[in-house]
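Engineer: The structure under discussion is supplied below as structure tokens; questions concerning it will follow.
The values are calculated or read from the model by the stated rules, or taken from the named source; none is laboratory data. What you are looking at is a predicted structure, and each value in this text was computed from that prediction instead of being measured. Cβ atoms come from the backbone with ideal geometry, glycine included; neighbour counts cover every protein chain shown. Heads up: the accessible areas ignore ligands, DNA and RNA and are worked out on the full protein's heavy atoms, side chains in. Shrake-Rupley method; radii C 1.70, N 1.55, O 1.52, S 1.80 Å.
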Amino acid sequence: MDSILFWNAVALEANRISHSDPDKREQNGPTLSSRALAIVHLAMYDAYAGVENNATTFPRYLPAPPPPPPGTSHQDAVAGAAFTTLSGLFRTQRDFFESQLSCFDTSSPSYTFGIKVGEAILDKRANDPDARDCGYQSSPLRGRHRPDPDNPGQGFYSPFYGAQSKGFAISVRHALDAPPFGNGDDPEYLAALREVRAKGIMPELTGTLPSAFFSKKRTPEESTIAIYWAYDGANRLGTPPRLLNQIIRLVAMKQGNSEGDNARLFAFVNAAMGDAGILAWEQKYCHDFWRPVVGIREHDKSFGPAAKDKDAANKISDDADPFWLPFGAPSTNTMLKNFTPNFPAYPSGHATFGAAAFHITRLFYGIKKGDRKADKLFDDLAFVSEELNGGNRDNKGTVRPRHVRNFKGGLWDMIIENAMSRIFLGVHWIFDAFALKGGKPDFSRDVGGVPLGLNIAEDIFAFGAGKAPKMTPDGTAKPPITTPPANSPMPTVPTQPTSVGGCANTKTKAVEEPEMVKARYPSGTSPR
């Protein structure tokens, strides 16, 4: 038995259950689920590396790791680390995790060592922020993110998480250029708006498209791609980090990985996604860019809460449709409406996670840094997404057909298609994924989630010398907003992510002056 693949499967099931059982919702959404999977897999790796006890081939992740006892077992040590971290993160699923221990010797020194490793890594991440939006101030300004008008009570997911979280394995905090906008007049922005307006529209509204857009509407192939990659925290499916792990499991088995190979590979993959969740959300709430559902409906300057009397118009722009709605992130296995995710558009989290996970896998198998083209690492790389497995249902109760999808360009094809899928759902602009030049992806600019994910992968792989993730040292790659100690109250006026140097509020007048925020919390107690 490969203990890494075994406990990886248990962790992915925990992710699925956490998004399916209302009584077990603990590590939900993309940031918390990527954090949880990073913690579990880094603990598993460090327990394995401790037993291996060879710093040349398996350097430890923990800077001051507990020493392993002599004569230890890799499998029992991994089990102790996995059980400890999973039970600490998904407390309501402890019975499920205990039921997986029958094949391991829980009385052995190896298992006890694994417990110590798991506890040490949980302690290292104990002060991470959560996904709450308490204390967050949104903006009514043009171009800024606001809730989906078709789901107006959705709130804001993880606004402080990225800007307050320390890295897992990065050596620097990677950032992006601002998205193109120009108050809605930038040609690159307009091209992206016209594309998603046609490609991402709700099927029932396709007939409302003007003829110039109707001819460019979404095809059945594009609709398939949109659903295939979704995993938007759906009932019985979970989040994108689960999907990406499922695919990389297939890659690892096709490659005939040893248990040690898998300890290294899945630590790299999940550390990269852990840092992708941090840095993508830092950039999201820094740039605070609106989603297509708001941008298309309010493209004409006479619409939206920031419109002034001088913006009044009796003939709206041909590029605006105040009644446009997207195909939407699919509410699989529920009867709820499809939706636009409850966090800013730029960059795409899907694109960042996919590029980080798949590219670090490419590097692991020998693709060189800077390579931005199709790979031939794997023969017959085909995969069935659970969104299209012949059993799961759309939000009208219809069973979707089973679909086998092949990727002849390997993981690089997956990086690009996963990123593009979000335009076909109508929840992202193309530049949320990457910039275009001559109609093709342009990676010479730091625009979008794919470049961010590629940079994260290459940084982590190089920082770990290609052997295993190396812990981001304290004081290195510091978060832009300091998180107080766990026993300290938050400041009366929370630092807003958009107010950090270079972010949205430094380019336009802040939404609220500090005095206005103070008035909301007169007691001086923490708003979080």
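Engineer: Find the accessible area per residue for the chain; the probe is 1.4 Å, ligands and nucleic acids are left out, and the unit is Å².
Structural biologist: 38
Engineer: Another question about this same structure. Pull up all non-local amide H partners of F339: gap of 5 or more, or a different chain, and H-to-H distance under 5 Å with H placed in the peptide plane.
Structural biologist: A329, S331
Engineer: If packing is taken as the average count of other Cβ atoms within 10 Å, what order do 252-259, 285-292 fall into, highest mean first?
Structural biologist: 285-292, 252-259
Engineer: Helix 449-463 versus the longest principal axis of the chain: what is the Cα-based angle in degrees, 0 to 90, to the nearest 10?
Structural biologist: Around 20 degrees separate the two axes.
Engineer: How much of the accessible area of the chain, probe 1.4 Å, is carbon plus sulfur, in whole percent?
Structural biologist: Looking at the chain in its full context, I get 53 percent from C and S.
Engineer: In whole Hz and in residue order, list the ³J(HN,Hα) couplings for segment 248-258 that follow from phi through the Karplus curve 6.51 cos²θ - 1.76 cosθ + 1.60, θ = phi - 60°; x for Gly and Pro.
Structural biologist: 6, 4, 4, 4, 4, 5, 5, 7, x, 4, 7
Engineer: Long-range amide H contacts for F289: which residues qualify at under 5 Å (H placed 1.01 Å from N, peptide plane, sequence gap of 5 or more or a different chain)?
Structural biologist: Residues meeting the amide H criterion: H145, A345, Y346.
Engineer: Here is a follow-up. Taking the Cβ-Cβ separation of S171 and D261 as r and a Förster radius of 22 Å, what is the calculated FRET efficiency to the nearest 0.05?
Structural biologist: 0.40
Engineer: Separation of segment 157-219 and segment 323-380 by C-alpha centroid, Å?
Structural biologist: 13
Engineer: Still on this structure: Indicate the gyration tensor shape class of segment 335-401 (rounded, prolate or oblate), computed on the Cα atoms with a ≥ b ≥ c the square roots of the eigenvalues: a/c under 1.5 is rounded; otherwise a/b larger than b/c is prolate and the rest oblate.
Structural biologist: It comes out oblate by the Cα gyration axes.
Engineer: I need the shape label for segment 275-402. Rule: rounded when a/c is under 1.5, else prolate if a/b > b/c, else oblate, with a, b, c from the alpha carbon gyration tensor.
Structural biologist: Oblate is the answer for segment 275-402, as a/c is 1.5 or above yet b/c matches or exceeds a/b.
Engineer: What are the residues whose amide H is under 5 Å from the amide H of D442, where those residues sit 5 or more places off or on another chain and H is modelled from the backbone?
Structural biologist: A435, L436, K437
Engineer: Same structure, new question: Show me, for segment 272-277, the HN-Hα J-couplings you get by feeding each phi into the Karplus relation (A = 6.51, B = -1.76, C = 1.60, θ = phi - 60°), rounded to Hz, glycine and proline as x.
Structural biologist: After applying 6.51 cos²θ - 1.76 cosθ + 1.60, I find 4, 6, x, 6, 5, x Hz.
Engineer: Still on this structure, please answer the following. Report the charge-dipole magnitude of the chain in Debye, nearest 20, computed about the Cα centre from +1 at each Lys and Arg Cβ and -1 at each Asp and Glu Cβ.
Structural biologist: Dipole about the Cα centre, nearest 20: 560 debye.
Engineer: On to the next question. As a check on your grasp of the helix formula, calculate [θ] at 222 nm for the chain: sum -39500 (n - 2.57) over DSSP H runs of n ≥ 4, divide by the residue count, round to the nearest 500.
Structural biologist: Helix-only estimate at 222 nm: -12500 deg cm²/dmol.
Engineer: Can you pull out the cysteines in the chain that have no other Cys Cβ under 4.7 Å?
Structural biologist: C103, C134
Engineer: Then there's this: What list of ³J(HN,Hα) values in whole Hz, one per residue of segment 264-271 in order, does the Karplus curve 6.51 cos²θ - 1.76 cosθ + 1.60 (θ = phi - 60°) give from phi, with Gly and Pro shown as x?
Structural biologist: Once rounded to whole Hz, the list reads 5, 4, 6, 5, 4, 4, 7, 5.
Engineer: Which aspartates and glutamates, on any chain, are close to K369 with Cα under 12 Å apart, when same-chain ones fewer than 8 places away are left out?
Structural biologist: E458, D459
Engineer: If we sort 379-391, 14-26 on the protection proxy, mean other Cβ atoms within 10 Å, highest first, what's the order?
Structural biologist: Final packing ranking: 14-26, 379-391.
Engineer: Taking 51 Å as R0, compute the FRET efficiency from the Cβ-Cβ separation of S102 and F214 and round it to 0.05.
Structural biologist: Calculated transfer efficiency: 0.30.
Engineer: Still on this structure, I have one more. Once both labels are modelled 7 Å past Cα along the beta-carbon direction, what's the A126-N53 spacing in nm?
Structural biologist: Between A126 and N53, the simple spin-label model gives 2.9 nm.
Engineer: State, as an integer percentage, the relative contact order of the chain based on alpha-carbon contacts under 8 Å between residues 6 or more apart.
Structural biologist: So the answer I get is 21 percent.
Engineer: Then there is this: Take each of the peptides 131-142, 56-67, average the number of other beta-carbon atoms within 10 Å over its residues, and list them starting from the highest.
Structural biologist: 131-142, 56-67
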